[in-house]
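Reviewing the structure listed below.
Since every read-out is calculated from the coordinates, none of them should be taken as a lab result. Just so it is clear, the model here is predicted, and its values are computed rather than measured. We place every Cβ from the backbone using ideal geometry, glycine too, and count neighbours over all the protein chains shown.
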Amino acid sequence: MSVPGGDISLLDLPDPPSPGPGQVLVAVEAAGVGPWDGLLSGDGWDVGLRLPAALGVEGAGRVLAVGADVSQFAVGDRVLAHEAPLPGGSGFWAERVLLTAADVAPCPAGLTPSDAAALPVNGLTAWQALATLGLSRGQRLLITNGAGNTGSLAIQLAAAMGVEVTATASASATERLRGLGAAQVVDYHDQDWPDQVDGQFDGALTAAAGTAAAAMPLVRDGGRLCSLTFDAPAPERAITTTDLTVQPDATQLAGLAKRLRDGALHLAAEPFPLYEGPTAFTRVATGRTGGRKLVLIP
């Protein structure tokens, strides 16, 4: 579902090749949609697409075939994955996708395809960002865009660690984020929002573009800042700053999937038929998701 030049449209594409060594072929049951998908068809994020191709770097489905040396999966297994680069040159917004077996996680029984497909990129990003920050029980964390899918998962994961979380979001999201574990929610529409929080955060996770510079003065000397929007300021006051790019990790994803299945994590998925992919992406790109993660169903 892409063409050279960045346009997103419906295409009739050939099936992926048969799996080679270390690969699995998966029948897609649901595929996640994220703002990053707009980068895949241009020069923004090279994930190995060979256009025209299907977009999508996350999803869930059933194994159709395995490479000769793959022993951890069998035909019929339910799986989920974040994959980049894409070994078949085409992504999850299709009926079938070729994946690297080492990046694929088993899908726990009881987790629906829509919920499984909604998890990989946002879940792994939140997990890896918190690992980068290295916070521990009793420390304080600032998260910007706490109402987004990554931000809301980071709130839940951090709160479960005993970290005190302050998040920025719209006023309408306050009750929801407090229910997920945020100790304080500040309305980002107020340009003076940094004055409403107590500084000296041990870490900051900036998931909204343009917020890293405002968050930096709120981090204590020797603290850490992790940006998901590639605008981390230069280090100062012994603060470590990082621009994070999410990486596939089957072990981390398997653990997150079990938490989601068990109700320890919450992520609202909204399914769309695959042929409405361009419409779903437009909603994501323009921020009109209402706090839901949109997924495509073939």
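A few remarks follow.
- Taking the three principal axes of the alpha carbon atoms in region 258-298, the coordinate ranges are 32, 23, 10 Å, sorted in descending order.
- For region 122-243, the C-alpha radius of gyration divided by 2.2 N^0.38 Å, with N the number of residues, is 0.91.
- Kirkwood Rh in Å, taken over all unlike Cα pairs in region 58-130: 12.8
- Choice from I239, I155, I143 showing the highest fluctuation, given a GNM over the chain with Cα pairs closer than 10 Å: I239
- Coil-residue trypsin sites (Lys or Arg not before Pro) of region 31-98, DSSP, other Cβ within 10 Å capped at 12: R50
- Charge dipole of the chain (Cα centre as origin; +1 on each Lys and Arg Cβ, -1 on each Asp and Glu Cβ, all else neutral): 640 debye, rounded to the nearest 20.
- Compactness relative to 2.2 N^0.38 Å, alpha carbon Rg of region 98-184: 1.19
- 0 to 90° range, to nearest 10: angle between helix 250-262 axis and the chain longest Cα axis: 80
- Rg over Rh for the chain works out to 0.98, both radii taken from alpha-carbon positions and Rh defined as the Kirkwood radius.
- Region 4-111: relative contact order as a whole-number percent, Cα under 8 Å and 6+ apart: 34
- Judged by the mean number of other Cβ atoms found within 10 Å, the most tightly packed of the peptides 202-211, 65-74 leads the ranking 202-211, 65-74.
- Legend: translational diffusion of region 1-143 by Stokes-Einstein, Rh = Kirkwood radius over C-alpha pairs, 25 °C, 0.890 mPa s; D = 155 µm²/s.
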